[in-house]
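K.L.:
Below is the structure I would like to discuss, written out as structure tokens.
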Amino acid sequence: MKHRLYFSCLFICSCTWLFAQKNINQKMVDKLEGGNYWEAKKFYSYLKTWGYALEPSIESFYKYSMADFQSKPDSAVVYLEDVLREYRPFGLMNIEFYFRLWRLYTETLQDYEKALSTCSLIRSYIEENPDGGDNGALSEWDRCVSDWERQTLRRMQEPPIRISRDDSKNTTAIVSDSIINDLLFFEAIYNEENKIKTVFDTGVTEYFSIDSNIAKKIGVRRYPIYDNDTIGTLNGREVQGYSGILDSVRIANITLYNIPVFIWDRKSLVNVSDSVWLDSLKKEELNNFYHSFDVVVGLKAMSLIGKIKLNWTDKVLCFPTPEEEIFSGKDPNIFIFTKKLFTQIKINNLSLTAFVDTGDNEYVTIDSWFYEKHKKDIPIDTLTEKDSLNRAMFHDIRQNIPHEIADNPSITFNGKVLNIEKNNKVYISSLKDWNTPDATPANSTYLDITEGVVGYDFFKHLGEEILFDFRNMRIDILEQKK
């Protein structure tokens, strides 16, 4: 009887351990695929502390995801290839992983031979069908692979994307705008002879976004990698546009060569003249707003440059060389997920994952769902009269947005409590309402992980010198506000 009881207990403990192990692996995959960077890191640290181990393929998947979050493509491809060598736990998700591997090789590393080899691996997987996939779905994937191969071969005909620096001055002035004074503008030289005022916008996922009329003026070439490229996607909305190539862009002492750009027709996106509910003054303001966004530098170009310093004292953008030692030695405090940039702040000591959007002119906006979850810890300002909250974005215009204002909140960034000035309002509003209906999760303006937004006004008042470091994935305050 004692032996039977002993073996029963052993069996129950074994089953419990196996269940816990499976649960741990699935929890980690869910956190990583959901873009919960901070939670995944914390969970991984917890597992190590308590002696739990992920399955080898999940361990590789964790390392791949962390490298991808932290914009380290060389490491990401190594770990993703490890995942695909032992693909049993992922089933049909492996086709998606092969696609990610192909995209890393083509779009980021420009290793087209490896990209074509990846296409061959996908074809072998489809033919073998080890996970019992539906024949119709596999046929669709096979057609996709043919398209990826065509794109890869076409990309091979184009000169590579590259960056160079010379010994000239590594700063460029932050310039004022007669229409919009609450966004960051500077001047860049396009295709060697066209000096154009440009918006610094971390919320734009492409290298550059250019209005079609300006693109024609400066001689942007069509990028012949897609069969159908008359429609693009902007904030989840389909717009008239196409992919182009800028032969060169010069910013201070940096020149970017052969840069892909998204060319869009601003007039087709938002026809302000048809908005009859706007008075003539507002129509003019909105037309001027869209005109100010003729050329936008986005996140991919910033990542290519590496380090960008905002100096509010001298009103310049500075571009430190990779060798200049500015790195604080601290862990990353920003990450990229589905091509969007995020950081973490605290409001009243509550951790909040914030979309970093310097194209948003507000200070901080908290999503309504985050507020509802923590409303007892975020008092509302009921005494100050609320001004009308209006917003114009690339894909929509809205007036009198329902919102609240947080009452004297405490904002912490990088472990330091910020001095919030009177005009630095923390709005509470539904960000999800701005997503285009039926947009895919990756194309939505605000992803599900978005708990708030830090805008241009946040960085303008953060410190006298702010460093965006895409090599070490940090935003640092180099000099405090005086």
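All of the numbers you see were taken from the coordinates with simple rules; none came from a lab. Computed from a prediction, not measured in an experiment: that's the story for all the values here. FYI the Cβ positions are ideal-geometry reconstructions off the backbone, even for glycines, and counts take in every protein chain you see.
K.L.:
Where Lys and Arg each count +1 and Asp and Glu each count -1, what net charge lies around ARG250 among other residues with Cβ under 13 Å from its Cβ?
P.N.:
-2
K.L.:
Okay, next question. Any chance you could run the full-extension gain for ASP407 through GLU372? It's 0.36 nm times the residue separation minus the Cα-Cα distance, nm to one decimal.
P.N.:
11.1 nm
K.L.:
Given 0.36 nm per residue, what is the gain on full extension from SER124 to TYR46 after removing their alpha carbon distance, in nm?
P.N.:
Here the segment from SER124 to TYR46 would lengthen by 24.2 nm.
K.L.:
Let me ask something else. For region 73-206, build the charge dipole from Cβ charges (+1 Lys, Arg; -1 Asp, Glu) around the Cα centre, then report which of ILE126, SER164, SER146 sits farthest towards its positive end.
P.N.:
SER164
K.L.:
If you take every residue apart from VAL296 with its C-beta less than 10 Å away from the C-beta of VAL296, what net charge results, scoring Lys and Arg +1 and Asp and Glu -1?
P.N.:
Result for the neighbourhood of VAL296: -4.
K.L.:
Right, here's the next one. Taking amide H positions as placed 1.01 Å from N in the peptide plane, with prolines and chain starts having none, which residues 5 or more places from LYS425, or on another chain, fall under 5 Å of its amide H?
P.N.:
Residues meeting the criterion, in which the H sits 1.01 Å from N, are TYR363.
K.L.:
Sorted by mean Cβ packing within 10 Å, highest first, what order do the peptides 332-343, 304-315 take?
P.N.:
So the peptides 332-343, 304-315, ranked by packing, come out 332-343, 304-315.
K.L.:
ASP166 versus ASP131, label points 7 Å from Cα toward the beta carbon: distance in nm?
P.N.:
Roughly 5.1 nm, to one decimal.
K.L.:
How large is ³J(HN,Hα) for each residue in region 292-297, as worked out from phi by the Karplus curve 6.51 cos²θ - 1.76 cosθ + 1.60 (θ = phi - 60°), to whole Hz, x for Gly and Pro?
P.N.:
With coefficients 6.51, -1.76 and 1.60, one gets 5, 9, 4, 10, 10, 8 Hz.
K.L.:
Summing Lys, Arg as +1 and Asp, Glu as -1, what charge do residues with Cβ under 9 Å from the Cβ of ALA188 carry, ALA188 excluded?
P.N.:
My count for the surroundings of ALA188 gives +2.
K.L.:
Can you list the HN-Hα couplings for region 473-479, worked out from phi with the Karplus curve (6.51, -1.76, 1.60; θ = phi - 60°), rounded to whole Hz and with x for Gly and Pro?
P.N.:
Each residue's phi maps through the Karplus curve to give 6, 9, 10, 10, 8, 7, 9 Hz.
K.L.:
ASP182 to ASP247: extension gain in nm, 0.36 nm per residue of separation minus the Cα-Cα distance?
P.N.:
20.4 nm
K.L.:
For SER146 paired with LYS27, estimate the spin-label separation in nm (one decimal), with each label point 7 Å from Cα along the Cα-to-Cβ line.
P.N.:
Rounded to a tenth, the inter-label distance reads 4.6 nm.
K.L.:
Another one. Pairs LYS340/LYS375; LYS197/LYS386; LYS309/LYS373; LYS169/LYS300; LYS27/LYS309: which exceed 29 Å Cα-Cα?
P.N.:
Where the Cα-Cα span goes over 29 Å, the pairs concerned are LYS197/LYS386; LYS309/LYS373; LYS27/LYS309.
K.L.:
Can you give me the convex hull volume of the Cα atoms of region 20-96, divided per residue and expressed in Å³?
P.N.:
88 Å³
K.L.:
Sticking with this one: Among VAL239, VAL83, what is the fewest-to-most ranking by other Cβ atoms within 10 Å?
P.N.:
In order of increasing Cβ crowding within 10 Å: VAL239, VAL83.
K.L.:
A further question follows. From the phi angles alone, apply the Karplus equation (6.51, -1.76, 1.60; θ = phi - 60°) to region 203-218 and give each ³J(HN,Hα) in whole Hz, x where the residue is Gly or Pro.
P.N.:
x, 8, 7, 7, 5, 9, 10, 9, 5, 4, 5, 5, 4, 5, 5, 9
K.L.:
Between THR338 and ASN414, how many nm apart are label points set 7 Å from Cα along the C-beta direction?
P.N.:
So the label points at THR338 and ASN414 sit 2.9 nm apart.
K.L.:
Largest first, please: the extent of the C-alpha atoms of region 325-479 along each principal axis, to the nearest Å.
P.N.:
46, 38, 26
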